[in-house]
Structure formats: C-alpha cells, structure tokens
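Asker: Below: one structure in structure tokens.
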2 protein chains.
Amino acid sequence: MTDTTIDRADADSLAPAVTRAALILDVMAESGAEPVGPSELARRLGLPKSSIANICGALADAGLVRRIGTGFALGRRIAELGGAYLASIDQVQEFYDLARRLPAGSEETVQLAILDGVEVTYLARHDGRQPVRLSSGIGRRLPAFSTATGKAALASLPTDELDRRLEGVTRLPQATPHAHASVDDLRRDLARIRDRGYAIDDEETMEGVVCYGVMIPSRQPGEGPCAASITLLKVRATDARVSVLLDDLEQLRAGLSDPLRRS
Amino acid sequence: MTDTTIDRADADSLAPAVTRAALILDVMAESGAEPVGPSELARRLGLPKSSIANICGALADAGLVRRIGTGFALGRRIAELGGAYLASIDQVQEFYDLARRLPAGSEETVQLAILDGVEVTYLARHDGRQPVRLSSGIGRRLPAFSTATGKAALASLPTDELDRRLEGVTRLPQATPHAHASVDDLRRDLARIRDRGYAIDDEETMEGVVCYGVMIPSRQPGEGPCAASITLLKVRATDARVSVLLDDLEQLRAGLSDPLRRS
DNA sequence: GCCGTCCGTTCAGTATGCTGGACGGGAAGG
DNA sequence: CCTTCCCGTCCAGCATACTGAACGGACGGC
C-alpha cells in the first residue's frame, strides 16, 4: 500500500526523464507534506540516485516541486496547472452555476466526477449547508464500484467496453461492509441502475452516508463519461427528500448534457 | 500576452527533458481546452519538433496530458496531483472547516491564497450564499498589488524582502481604474495596511466588488506567507457588515495561525 | 569521543536520448 | 482533380544527459 513497488513500465519511453519525473510526482503525492529525499525516491522507484536528484532539481526549478531542507514535496505550480485543467473543462464551470441554483440540492453536497478505467476522479464539489465530513476533495480518486458517480458512469458504458474494464478485476475493495463483494453483485447493480436511471450508494463508501448519482455524457473528446451525485446523511434521506433531490439531479444532468457550444 | 515568448532559461538544466516538459505544460495551461500540436509547441518554445513530440508522448503515457486527435491538452492526472498538493497543506483543510463556521463570513465568498513573488495563488475558496461571480478559482494566479490577499501578504514582509521583490517591477497591471498606478501608491497602501491590520481591495480587482484580507503566517517550510480574504459586492458593504466580517477574518487568522500540530 | 551508517552532492566516461532532415498523409486552394 | 502547404511521424548520427562510484558531512549508537 505504502510502496509504489518497483518501476512499473519505465518501459522504453522516448523521454525517460519525463516518465521518471511523473513517477516521482506520484510518489510525492502519496507522501503528502512529508519531504522525500533522493535516496528514498531512488529506493522506492528502483532508479539511480543521481538521476533522481537531477530530475528533482529540474522539477524544483520549474516550481512543480519545492525543496524542503534537503528533500522535496509537491510545489505550488502543480496546483496552478491542476486549476488550469479544471478551468478548461467547461462542464466544471457550469456545474458550479447549476449546483448553486438547485432548489433542494444546493443545500447538500453535490459532486462532479469523471470515469477513468475503473476509478473516478472528482472534478468539482458544491458544499451545501449540511455538514457531511467527507474527506474526498477535488482531484481525489476513488474506486468506481462503490460510489454513486462511479456506478452511474459504469452503467452507461456499452457492455463490451464494460467487460474490457472489468476484465482484470477480481477482488473489489470494500470500504464498508455494504459495498459489493463480487463483480457479479456489481453487474446486477449496474443493470438496476440502467433500468432505474440513477445510481445509489447506500453506505458503500461511508457508514451512515448515502449518495445518488446520474451519468452525464462527457463533452471532452477523448475523455470518459462524467457523473454527478448528491450526498447526504442517511438519517436525512426520507423518501420525500430523496424524490426532490433526484429531480435536481435530473436538472443537473440536463444542464450539463446540453451541448451548447461557444464558438 | 498570448505567447510564452521564446524559451526563458532552457538554461543548462541537469534534466533538460523535464524542464522542457514543464514549459510544455505551461503552454497547455494557457491554451485551455484547445489541443496544441507538436509543431505549434515547437514554434512557441523555440525547440525542436521531434523532441517536443517525444516529451509529449511521455507526458501522455503518464496521464499528465491527453491526446486530442493529433494534439495535446492537460490531462486528468494533473488535477489529481494538484489535489494532492492542496490536501498536503493542512491549513487548507482547516480553512474549509473554519470558513464554514464563521458567523457572518460563511455567507460570503472567503478565500485562502499564498504569496509567491509578487503574485498570489489561490489555494481554497468557500462560496457563501451571496453570488459574487468572480472567475478566479483554485490554482488561479493574480497580481498581489491589487488583491486584498496579495496586499495583506506583501505588507507582512520585512522591508528588505519587500524591496527585493518590488525591484524589477515598474508598471503595475491595472485591472480597474481603482488599482494602484505606481509602486509608490502601493507602498503607501502597504503602510496603511500594517497600521490598520488588514488590507482593503476597493474595486481594484473588479468593479463593484470589495475585498478585505488579513495575513496568515505559513506553516509550510519554504513557502511564503498566506492570506485570507472575504469578498462581497460593494453595495452590500455597510459599515456594520464590514465590521462583523473583519471580526470573522480575525477569527480565521487566529485559527489558521494556531501552530497546533498533529504528531 | 569514536565509529558506523546514511544521506546528498560531485564528477568523468559512456551509453543513450536528442536532433534535423526526410517521408507520408490530410486539408485547403486553384 | 491536381497542387501546395503544413502537419505529425520516423530514422540514423552525434552530442549529451545518465550512470555508478567516490567524497564530505550529519546524525545516532556502542
């Protein structure tokens, strides 16, 4: 869990230094604020210490990492580039506008995520009034199997594409006992989702928290489908409340699917 | 403005490919969602086309950029890394908690930024009830001269450090006619801020919008000072309202300065 | 206080990634 | 339809970025 074990696919890249730099950034992302030195990076990646030091120096000059004493951690410019990526996706901007205007949903936690393989990356979040202390922030990756966004997106895939993605998957990570234990369970859930039109995460991600998600077709070429979700405490999820929240989700889907294009 | 003009400091880096990769990412950040091809990158950076293509290939394999047809744009993993950077700064997490609990401020737009040279980068934002359609999102960079956060942070610098940063600066970018026109104006404002204890951006960033900012010492080693601000429409900025908002800012400052450390 | 260990940095030789030119495909214009 | 231009990709020779070992310093333990 803690080790990125070995170098997966340092495979003959046409620009090895860049590939390695990306691996270094990944390690630093895992390490959080804790600075990582060249030696440790070299050990974890199985690469020469000198090369690592050179690459880290270049990354530091670029502002992508910062020196802390003699070690390194992610730098400010990473956040700036991340912001630029999010700003480039017009659905993100529209999401914020729309989420704020939802009659009921604006009170709750509303999220936008994009499917990538069998995981989802959260792109935007609207924090409502209700305090749901969920730790996942923007840029966070979670397994698609147990999240409303992930399941809504998976359910939208053509069956052959879905099969391809589930191919290598045997064991599903279970954050809570409510999460699906097997791929078969997941497939049955996906079928129900296709039928029903929306996905439910009933305490699968976190105890006491439920989540409703709908799929949103991505406008970005070369990107997977998106999904939006509304999260709330299970004790507050009365039938009446859920009903209006689902209406809001539908409204959100309509607004974000709308292929309006600025020239 | 649109061109990154030439290659500034391709200067003998110890890992040129990495330095170039960073420049490529910068160009893509400027280009937004518009894909950029190797030829255009080569032209804008003054670098060989083949090398660019190789580096872009490596970046794409790493997920840092994505292929759009035959061109490239920023990729999802950039956002993930940016999220990891933000998550690594504990002041960001605490900011969200505290901003939500501010008696008056929670209704308004509250932001957290960090000073970098003579610019600020926004690290976090709390959106209140009041719709202030300000475009600056997380990761956005703005000149420190005309923002409440930037001025609050600048005012906290030792004079020699301030002088060093203002050295090369001659002309200040003016987003609105209310922004400072000269460095001398700025210096006078900074003196008032030191006196007063907080900074005011009175329609300097956007017409009809005022902003109050306080400096927050950074806990991150090797990082500049931070600042928090509350933004609201000028028509709503009555003396009474501003007074309670300033109290909230003070509370925010106290909470974020507090050097509580988890082991 | 001494020594063993580990770290980050330096340096020269060499394998190797970078370069510039050539190739094939696509779109726009005549 | 043919031409022209421009783009992205491929390839071999050369310059150069990478490597591995050695160096000096900092800690921690025997």
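Asker: Checking the conditions here, which among A:Ile89, A:Ile24 is within 16 Å of DNA strand D (Cβ to nearest atom) and not hydroxyl-bearing (Ser, Thr, Tyr)?
Answerer: On inspection, the qualifying residue turns out to be A:Ile24.
Asker: OK, next. I'd like to verify a number: residues in region B:91-116 that are closer than 21 Å to A:Ile68 by Cα and touching a residue at least 60 places away in the same chain (Cβ under 8 Å), how many?
Answerer: Residues in region B:91-116 being closer than 21 Å to A:Ile68 by Cα and touching a residue at least 60 places away in the same chain (Cβ under 8 Å): 5 in total.
Asker: If you check B:Arg66 against the conditions, is it within 8 Å of chain A (Cβ to nearest Cβ), within 16 Å of DNA strand D (Cβ to nearest atom) and surrounded by fewer than 24 Cβ atoms within 10 Å (Cβ to Cβ)?
Answerer: yes
Asker: While we're on this one: With among the basic types (Lys, Arg), modelled with pLDDT under 90 and outside any helix (DSSP H, G or I) as the only criterion, which of A:Arg100, A:Arg171 stands out?
Answerer: A:Arg171
Asker: Out of all the residues in region A:32-42, which are more than 8 Å from chain B (Cβ to nearest Cβ) and either under 18 Å from B:Ile78 (Cα atoms) or within 13 Å of DNA strand D (Cβ to nearest atom) (or both)?
Answerer: A:Gly37, A:Pro38, A:Ser39, A:Leu41, A:Ala42
Asker: Identify, from the list B:Ile24, B:Ile55, the residue that is within 8 Å of chain A (Cβ to nearest Cβ) and without any contact (Cβ under 8 Å) to a residue 60 or more places away in the chain.
Answerer: Unique residue meeting the criteria: B:Ile55.
Asker: Since A:Ser51 meets every condition but one in (1) more than 19 Å from B:Gly139 (Cα to Cα); (2) within 25 Å of the chain's Cα centre (by Cα), which condition does it not meet?
Answerer: (2)
Asker: Right, something else. Residue check, A:Ser88 against (1) free of Cβ contacts under 8 Å to residues at least 12 places away in the same chain; (2) of a type in the set (Ser, Thr, Tyr); (3) within 15 Å of B:Asp127 (Cα to Cα), all met but one. Which one?
Answerer: Result: A:Ser88 fails condition (3) only.
Asker: Something else: Of the conditions (1) outside any helix (DSSP H, G or I); (2) farther than 14 Å from A:Leu64 by Cβ, B:Ser13 satisfies every one except a single condition; which number is it?
Answerer: (2)
The values are calculated or read from the model by the stated rules, or taken from the named source; none is laboratory data. The structure displayed is predicted, hence computed values, not measured ones. Positions of Cβ are generated from backbone atoms using ideal geometry, with glycine treated the same way; all protein chains shown enter the neighbour counts.
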